[in-house]
Amino acid sequence: MSGIRMKNPESEAAAEAGSVLTDPPPRVLTIAGSDSGGGAGIQADLKTFQELGVYGMSAMTAVTSQNSLGIQAIYPLPEETVESQIESVLSDIGADAVKTGMLLTPTNVFLAASAIDRYSIKHVVIDPVLHAKDGSALLRQEAIAALKSELFPFAEVITPNVPEACELLGWPAHSIRTLEDMALAAQELLQLGPQYVFMKGGHLPADPSPSDEIETQNLSIDVLVGRKGSEYFREFYHAPRIPTKHTHGTGCTTASAIAAGLAHGYPLVEAVNIAKSFVTAAIQSAVPLGCGIGSLWHAAHRNKH
Ligand SMILES: Nc1ncnc2c1ncn2[C@@H]1O[C@H](COP(=O)(O)OP(=O)(O)OP(=O)(O)O)[C@@H](O)[C@H]1O
Ligand SMILES: Cc1ncc(COP(=O)(O)O)c(N)n1
């Protein structure tokens, strides 16, 4: 198998030999929106799951007409359609991990939270997607409070980017400028109930800040913050900053890769490591299709093994 190592050596050997897996793969459900352009949303999630050796399933919240230039239209799906997809999947196939992305409405937030609770889902990754790159709202303003109060407490990890963190905390836009700011904001978000906050630094200003311990220039740096007893712990993850505009789908891909790692049984710190190297490779090989912002190439990690 290309991608991450499998826990069971026999399965690994069988997969290497190209034969059928002896054990069923871990199962991951994404509850998110569809991106017709194939780069973000459900499409990015399922590509990531497949590449990382987990069985991917989806409950779609909305259909977006989307391409490299932005979102042209959003068609919300009826609440009962969302509920019925989640129910069909979890009542029969089950899931070792659930990842959420574009939820759009307060009702979808409640549906996701209720299903995660009722089915005692072991690993929950909440990507608090608020806006697309073109500014379109992917979570309505009136759903933000529900996201924080109903869903975050179930999360093993939430994965905001820097602008999302500001919005969730009610901080002014652009108030997170350094790695220290990121870590402090992540600590604040921990108060909302997730076990960990993985804050993605793709939107940090590229200039190095004298207050940062790590030289940020030419690097893309994220931070994982959690609790160790009464103390906080923080771990920075860095990779070369790739000079490309083709980064559509980075957030969805990162959160899905973390969910895949967790479903395989890796500890969170290792699942984040897997995700960081997976997304870096996918950005490095991004496809410049369309006239705007191209999407990641999810198979890129295969060349690294
Ligand atoms: N140009 C880049 N080179 C390398 N890594 C990057 C680059 N841009 C983003 N990343 C990495 O991609 C991951 C996703 O980060 P980002 O902050 O872009 O998420 P996002 O804002 O949710 O995604 P999007 O901008 O697509 O909505 C992080 O690990 C980040 O460090
Ligand atoms: C349906 C959908 N979901 C999410 C995103 C954000 O994408 P990303 O933050 O990964 O670029 C998107 N553009 N469309």
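In this structure, the amide hydrogen of HIS203, modeled 1.01 Å from its nitrogen in the peptide plane, lies closer than 5 angstrom to those of VAL162, counting only residues at least 5 positions away or on a different chain. Comparing PRO160, PRO243, PRO194 in a Gaussian network model of the chain, where Cα atoms under 10 Å apart are tied by springs, the biggest mean-square fluctuation is seen for PRO243.
Summing +1 for each Lys or Arg and -1 for each Asp or Glu among the other residues whose beta-carbon sits under 11 angstrom from that of THR159 gives -2.
Rounded to the nearest whole Hz, the Karplus-based 3J(HN,Hα) values (6.51 cos²θ - 1.76 cosθ + 1.60, θ = phi - 60°) of the stretch 132-146 follow the sequence 7, 4, 7, x, 4, 6, 9, 9, 5, 3, 6, 9, 5, 4, 5, with x at glycine and proline. Remark on TYR55: its backbone amide H falls under 5 Å from those of ARG27, VAL28, a criterion applied only to residues 5 or more positions apart or on other chains, H modelled at 1.01 Å from N. Surface calculation, 1.4 Å probe, protein heavy atoms: ARG227 sits at approximately 110 Å² accessible.
For the chain, the carbon plus sulfur part of the accessible surface works out to 53%, probe radius 1.4 Å.
Could you identify which residue out of VAL162, VAL269, VAL129 has the top mean-square fluctuation in a GNM of the chain using Cα springs shorter than 10 Å? Top of the fluctuation ranking is VAL269. Quick one: Cα centre-to-centre distance for the stretch 17-95 and the stretch 134-174, in angstrom? Using only Cα atoms to place each centre, the spacing works out to 21 Å. Of ALA282, ALA271, ALA173, the residue with the greatest mean-square motion in the GNM of the chain, using alpha carbon springs below 10 Å, is ALA173. For the stretch 22-137, the solvent-accessible area of protein heavy atoms averages 38 Å² per residue (probe radius 1.4 Å; ligands and nucleic acids excluded). Helices in the chain, meaning DSSP H runs of at least 4 residues, each add -39500 (n - 2.57). Divided by all residues, the mean residue ellipticity at 222 nm is -10000 deg cm²/dmol. Scanning residues 5 or more positions from TYR196 or on other chains, those with amide H under 5 Å from its amide H are VAL157, ILE158, with H placed 1.01 Å from N in the peptide plane.
The values are calculated or read from the model by the stated rules, or taken from the named source; none is laboratory data. Here the structure is a predicted model, which means the values were calculated and not measured. Reconstructed Cβ throughout: ideal geometry from the backbone, glycine too, with neighbour counts over all protein chains shown. Accessible surface areas use protein heavy atoms only, side chains included; no ligands, DNA or RNA. Shrake-Rupley method; radii C 1.70, N 1.55, O 1.52, S 1.80 Å.
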